[in-house]
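The values are calculated or read from the model by the stated rules, or taken from the named source; none is laboratory data. Because the structure is predicted, anything quoted here is derived from the model rather than measured. Note that each Cβ is placed from the backbone with ideal geometry, even for glycine, and that neighbours are counted across all protein chains shown.
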Amino acid sequence: MLKPNALLTVLLISALSVSQLFSIDVLVAKEKINYKAKIKLSNLRLKKVKGVRKSCVPITINGLGNDHYISTHFINPGTIICEKDIKIYEKNTVVFNFGNIEIEKEGKLIGETKRYIRIKKPNGRIEKIFKNGSTK
């Protein structure tokens, strides 16, 4: 017959091994991820959890694939990354042709006047580029 301490140890080990069988592998943010920031594997870590919310479909490493993703909102450290938290990154560029010089900037064209062109950068800031090539 097993002693009470040995029986308790066996039960504890078996309970821990059974809980590992029902766990789910998810990706969790290591550090804060800003709004519209690129998602990098160096910012994420793999973690086993017992369960997730009904509204969350967790992302796996295979789910990230070769595409580049950006966050749809601010993500706190330790938060499980769901499908609704990220979207595929689409590169928007604007090409300026100043005669001999052609400049390509990342952003979206907002407006154009006789003196300058306004573009919205991916981080949300608006930049003026004057037609003579200067920024100020």
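Quick look at the values:
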item: Breaking point among (1) modelled with pLDDT under 90; (2) surrounded by 10 or more Cβ atoms within 10 Å (Cβ to Cβ); (3) within 13 Å of the chain's Cα centre (by Cα), for Ser42; result: (2)
item: Near pairs, Cβ below 7 angstrom, 6+ apart or cross-chain, from the range 33-52 (in a loop (DSSP other than H, G, I, E, B)) to any residue that is among the aromatic types (Phe, Trp, Tyr); result: Asn34/Phe74; Tyr35/Phe74; Ile39/Tyr69; Lys50/Phe22
item: Qualifying residue in the range 80-97 (condition: in contact with a strand residue (DSSP E or B) (Cβ under 8 Å, 6 or more places away or on another chain), among the charged types (D, E, K, R) and in a strand (DSSP E or B)); result: yes
item: Subset of the range 62-76 (residues that are surrounded by fewer than 12 Cβ atoms within 10 Å (Cβ to Cβ) and either in contact with a strand residue (DSSP E or B) (Cβ under 8 Å, 6 or more places away or on another chain) or assigned to a helix (DSSP H, G or I) (or both)); result: Asn62, Asp67, Asn76
item: Selected residue (criterion: modelled with the lowest pLDDT) from residues of the range 13-30 that are part of a loop (DSSP other than H, G, I, E, B) and surrounded by 12 or more Cβ atoms within 10 Å (Cβ to Cβ); result: Ser23
